[in-house]
Amino acid sequence: MTAGKDAPGTRGPRADDQVGQGEEDHPSTRDAGEALLRVAGLLEELITALAAEHGLTAFQARTLRALHDTSSQSALADQLGCSASRVSVVTGELEERGLVRRAASSGDRRMRVTRPTEEGSRVVDAIGEELGSRSPLGRLTGGEVAELFRLLTAVECASDR
């Protein structure tokens, strides 16, 4: 089998495979992008499975987690990259489950704010703990995680330009 090719039943190259063999033996941006997509897929599968263990969809779990950072429905829609109407539907579903509380903003009665309940926070914490222990990122050293975060942030910022 050639380096970087998938064997039946595997998901791409192993860490010791050589990829992007070019003039300087460095991976290409395509190789890096493909690796990023493979890891994103692994993380998406893991989040989907962990959310399902709590009777949630992956999007509901991400919404519940994002509510720890913001309570405004419009800010939440921006953070999740979806429409305000989708946020309204999902937060309604989470409210029915007793995982969030929605109320009019005290500063602007036209705005709705959503906060996790104690149970909602417990679910977020449980999913977060499992994600931390089962994630492939957990195999990286602290320095590697810091470098990965720095690089991903740089890529994210470059896409905003």
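The values are calculated or read from the model by the stated rules, or taken from the named source; none is laboratory data. Every value quoted in this text rests on a predicted model; they were computed, and no experiment measured them. Positions of Cβ are generated from backbone atoms using ideal geometry, with glycine treated the same way; all protein chains shown enter the neighbour counts. For accessibility, only protein heavy atoms count, side chains too; no ligands or nucleic acids. Shrake-Rupley method; radii C 1.70, N 1.55, O 1.52, S 1.80 Å.
Between Ser135 and Ala40, the modelled label-to-label distance comes to 1.6 nm, taking each label 7 Å out from Cα in the direction of the beta carbon. Peptide packing for 124-130, 112-118 was compared via the average number of neighbouring C-beta atoms within 10 Å per residue; ordered from the highest value, the list is 112-118, 124-130. In region 27-96, Cα pairs under 8 Å separated by at least six residues give a relative contact order of 20 percent.
Compute the accessible area per residue over region 29-161, keeping the other protein chains in place, probe 1.4 Å, unit Å². Show your work: numbers first, answer last.
Numbers: 8410 Å² over 133 residues.
In whole numbers, region 29-161 has 63 Å² accessible per residue.
In this simple spin-label approximation, Ser28 and Ser85 carry label points 7 Å from Cα along the Cα→Cβ vector, and these lie 4.2 nm apart. In this label model, Leu148 and Asp125 are separated by 2.5 nm, measuring between points 7 Å along each Cα→Cβ vector.
Based on a Kirkwood Rh over C-alpha pairs, give the Stokes-Einstein translational diffusion coefficient of region 45-149 at 20 °C and viscosity 1.002 mPa s in µm²/s. Let's see the in-between values first.
Details: Rh = 14.6 Å.
This corresponds to a translational diffusion coefficient of 146 µm²/s.
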